[in-house]
Amino acid sequence: MGQDSVVARLGRWLALDHTPTSVLFSGPPMVGKTTLALIYTRALMCMNRPKGALLECCGECFPCKALLAGPFSDFTFVLPRTKQITVQIVSEEYDDFSVALRHPVHSRKRVIMIDNAHTLNEQTGNMMLKLFEEAPDATVFILVTDHPYDVLPTIRSRCEEIRLCEEPALFLSEKLIESGTDPDCAKRASRFAQGKWVLARILADDKKLLEGVESLTSAFFEILGDYGDKAGFVSVFVEVSNTLSEHLEKREKEVIAWTLPDAKALGLKKKKELERWEVSQTRLNEIARSAQKTTLDWLREALVHEGCNTPVSEASAFARSNILEITALIDRAETWLMQNVNEDYLFYALASSLGRMR
Ligand SMILES: [Zn+2]
């Protein structure tokens, strides 16, 4: 479903004051699910929502202001830091979600939002189902996930699903321009955004990274033409994926910092746990892998883009005839990456194999 129709659907629920008890926001990573879920939350909680507005809120009332600073009494935000959300975690850190049964104090609705909802295990899922039944109308559960098929079927079937997908580059470009990015930068950033709003935003905000991605694709075609500098290609590749990884890490840390006021209210123990999670090496490795995967996707996309358009150079004309073999090489590199092979070796091997494609 396109972002416009999704927004219209959410807006219709609000306008009719017929909002579902439980909503699941699903879709690929970096398309802006959590952002949209938060915008919807704010519209749900706002005390003076402008009439006829889609997802707007007044921006002045208590919940509107409080939400900017993070979770508060009427808004619970769960950011799982373990492989599973267990009953023990919900009991120790969220008091069994007992707030779900109470009417909101400052807001029109009480919202309990769970990110990475696919990590709810069966026991916690059963507990949630009971809450869906017992909670008053003023309580809304919002679940967010990249893996809708891993969400417990019992939970998923009880939720209205809002499915987001990648957006056309033109749409992302217009959205960037609307938010103040200059048209040239918006066009270039959205070309490499892979349909993902979060990626478009990162590229538009960091011109150096955007230029890096552009030089990476040039270096890629030079290698394919067998006149490129392989070491140079690898160093641009590593620099681009490291910079992207830093951005993704920063975004994640911002979310954690945003949840901290709540942690302070709940005591030092949770705050300490959050801080420990923040520096978890496993999570940092996951982020780095995802940045490397996105960088490989840039190569693949550049190839397809060139292959489908008028060839601009001898290299790309040549690349067109080998497009399947080259994408297969990139696919293989991605598989190896997931198997934790030595990255430096892998990228040199990729550059050498690409150079031999002539
Ligand atoms: Zn408001």
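Here are a few things to note about the model shown:
- Of all aspartates and glutamates in the structure, the ones whose alpha carbon falls short of 17 Å from that of residue 253, not counting any fewer than 8 places away in one chain, are 115, 262, 273, 275, 278, 286.
- With only Cα atoms counted, the chain has Rg and Dmax values of 22.8, 69 Å.
- For the chain, DSSP calls about 5 percent of its internal beta bridges antiparallel.
- Between the alpha-carbon centres of region 119-165 and region 189-256 there is a gap of 35 Å.
- For residue 101, solvent-accessible area (1.4 Å; no DNA, RNA or ligand), Å²: 80 Å²
- Accessible area per residue in Å² at 1.4 Å probe, computed on the chain: 48 Å²
- Mean residue ellipticity (222 nm) of the chain, computed from DSSP H runs ≥ 4 via -39,500 (n - 2.57), nearest 500: -20000 deg cm²/dmol
- Projecting the alpha carbon convex hull of region 114-198 along each direction and taking the average yields 7.2 nm².
- Accessible-area ranking of 356, 191, 12, largest first, probe 1.4 Å: 356, 12, 191
- Degrees separating the helix 281-308 axis from the principal Cα axis of the chain, which is the longest one: 50 degrees
- Amide H contacts of residue 143 (H built 1.01 Å from N, under 5 Å, at least 5 apart or other chain): 23, 24, 25, 114
- Mean-square fluctuations from a GNM of the chain, with a 10 angstrom spring cutoff on Cα atoms, peak among 245, 22, 235 at 235.
- Student exercise, region 3-163 dipole from Lys, Arg, Asp, Glu Cβ charges, in Debye to nearest 20: 420 debye
- Apportionment of accessible area to carbon and sulfur, the chain, percent (1.4 Å): 53 percent
- Nearest 10 degrees, 0 to 90: helix 230-266 Cα axis against the chain principal axis: 10 degrees
- All Cα-Cα separations within region 37-164 were binned at 5 Å from zero, giving a P(r) of 2, 11, 21, 22, 20, 14, 7, 2, 0, each value a whole percent of the pairs.
- Annotation: residue 324 carries an accessible surface of approximately 130 Å², with a 1.4 Å probe and no ligand, DNA or RNA atoms counted.
- Cβ-placed point charges (K, R +1; D, E -1), dipole of the chain about Cα centre in debye, nearest 20: 780 debye
- Restricting attention to region 115-246, the count of lysine pairs at 8 or more positions apart or across chains with alpha carbons under 25 Å apart stands at 11.
- Angle in degrees between helix 169-178 and the longest Cα principal axis of the chain, rounded to the nearest 10: 60 degrees
- Label-point gap, in nm, between residue 83 and residue 101 - each point 7 angstrom along Cα→Cβ: 3.3 nm
The values are calculated or read from the model by the stated rules, or taken from the named source; none is laboratory data. Since the model is a prediction, treat every value here as computed from it, not as a measurement. Every residue, glycine among them, receives a Cβ derived from its backbone with ideal geometry; neighbour counts consider all protein chains shown. For the accessible areas, the whole protein counts, side chains as well, though only heavy atoms, and no ligand, DNA or RNA atoms are used. Shrake-Rupley method; radii C 1.70, N 1.55, O 1.52, S 1.80 Å.
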